[in-house]
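The values are calculated or read from the model by the stated rules, or taken from the named source; none is laboratory data. On a predicted model such as this, the values are computed, not experimentally measured, just so you know. Cβ: placed from backbone, ideal geometry, glycine included. Neighbour counts: every protein chain shown. Heads up: the accessible areas ignore ligands, DNA and RNA and are worked out on the full protein's heavy atoms, side chains in. Shrake-Rupley method; radii C 1.70, N 1.55, O 1.52, S 1.80 Å.
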Amino acid sequence: MEKLDWLAINKKENWASFTSVDALATLPFLRNRDFRILEMIGMKNKKEQSLLWKNEERMWVRERHYIDINSIIEENSYYPIHCMEIELDNSDFIRFSYGNLFVKISSEILLKKITLQILEFYGYFAANTIWDNVYNQDNEMPIYFACGMEERDITDEMSRLTIESDRIAKEIRAFEDEL
């Protein structure tokens, strides 16, 4: 299992970015949503290759979503998924690549609800506090300081997250300026 350490939320554009999660972290975003899988790449016969049928039209799943969700789970159990691109209704989308999950969801309420579920699944029990803090930042946040903590355990961890995020962002800008 991957270890979620970083989270970014863009409140203006309603997207979230999770680093590092498993491919199956995409599933809650598919629940009760119409979707179509545009790309799914996994390890098959010791090589990375598409897990979708070659030259098959990428059809929308508009009913009985559980069949295709179950198919993703089965594919991942046989051939670990490394990359996926999924189009959702409302021009929303999911991109998963080697542990990095990027999700654009037009509904802030749904984005928050599922993000909280993912945080709790990965051991971030102070999920609401983490959401509130990351939601109000402009940078990707290192959330590993708060792993395993309940809301009552949070003291100065959120300020530590912000300080660390700002430090890293400054280093990245300095590096980019040198290029």
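Of everything in the range 127-146 that is modelled with pLDDT of 90 or more and within 15 Å of GLU13 (Cα to Cα), the residue that is surrounded by the fewest Cβ atoms within 10 Å (Cβ to Cβ) is TYR135.
Test SER77 against the stated conditions and say whether it is outside any strand (DSSP E or B), loosely packed, with under 11 Cβ neighbours inside 10 Å and within 20 Å of the chain's Cα centre (by Cα). For SER77, the condition - outside any strand (DSSP E or B), loosely packed, with under 11 Cβ neighbours inside 10 Å and within 20 Å of the chain's Cα centre (by Cα) - is met. Taken as a whole, the structure leaves LEU119 outside the set of residues that are open to solvent by less than 40 Å² (accessible area, probe 1.4 Å) and touching a strand residue (DSSP E or B) at 6+ places or on another chain (Cβ under 7 Å). Checked against the criterion of being out of contact with any Phe, Trp or Tyr (no Cβ under 7 Å at 6 or more places or on another chain), acidic (Asp, Glu) and open to solvent by 70 Å² or more (accessible area, probe 1.4 Å), the candidates GLU164, GLU178 yield just one match: GLU178.
Determine whether the range 38-58 contains at least one residue that is surrounded by 14 or more Cβ atoms within 10 Å (Cβ to Cβ), in a helix (DSSP H, G or I) and either modelled with pLDDT of 95 or more or of a type outside the set (Ser, Thr, Tyr) (or both). Within the range 38-58 (the criterion being surrounded by 14 or more Cβ atoms within 10 Å (Cβ to Cβ), in a helix (DSSP H, G or I) and either modelled with pLDDT of 95 or more or of a type outside the set (Ser, Thr, Tyr) (or both)), the answer is no, since none of the residues qualifies. Of all residue pairs spaced 6 or more apart or on separate chains, those with beta-carbon atoms under 7 Å, a first member in the range 123-140 that is more than 16 Å from ASP156 (Cα to Cα) and a second member that is hydroxyl-bearing (Ser, Thr, Tyr) and at pLDDT 95 or above are GLU140/SER17.
TYR98 - would you say it is open to solvent by 40 Å² or more (accessible area, probe 1.4 Å) and over 17 Å from the mean Cα position of the chain (by Cα)?
No.
Kindly establish whether PHE18 is surrounded by 14 or more Cβ atoms within 10 Å (Cβ to Cβ) and under 10 Å from the mean Cα position of the chain (by Cα). Taking the combined requirement at face value, the residue satisfies it. Could you tell me whether the range 46-66 includes any residue that is touching a strand residue (DSSP E or B) at 6+ places or on another chain (Cβ under 9 Å) and in contact (Cβ under 8 Å) with a residue 60 or more places away in the chain? Checked the range 46-66: no residue is touching a strand residue (DSSP E or B) at 6+ places or on another chain (Cβ under 9 Å) and in contact (Cβ under 8 Å) with a residue 60 or more places away in the chain. Exactly one residue out of ILE86, ILE109, ILE67 is open to solvent by less than 60 Å² (accessible area, probe 1.4 Å) and either assigned to a strand (DSSP E or B) or on the phi < 0 side of the Ramachandran plot (or both), and it is ILE86.
May I ask you to list the residues in the range 146-174 that are assigned to a loop (DSSP other than H, G, I, E, B) and of a type in the set (S, T, N, Q)? Steps first, answer last, please.
Initially, the range 146-174 is screened for residues assigned to a loop (DSSP other than H, G, I, E, B), giving 147-150, 154-156.
Of everything in the range 146-174, just one residue is assigned to a loop (DSSP other than H, G, I, E, B) and of a type in the set (S, T, N, Q), namely THR155.
So, of the residues in the range 112-127 that are out of contact with any helix residue (DSSP H, G or I) (no Cβ under 7 Å at 6 or more places or on another chain) and assigned to a helix (DSSP H, G or I), which turns out to be farthest from ASP92 (Cα to Cα)?
My answer is PHE121.
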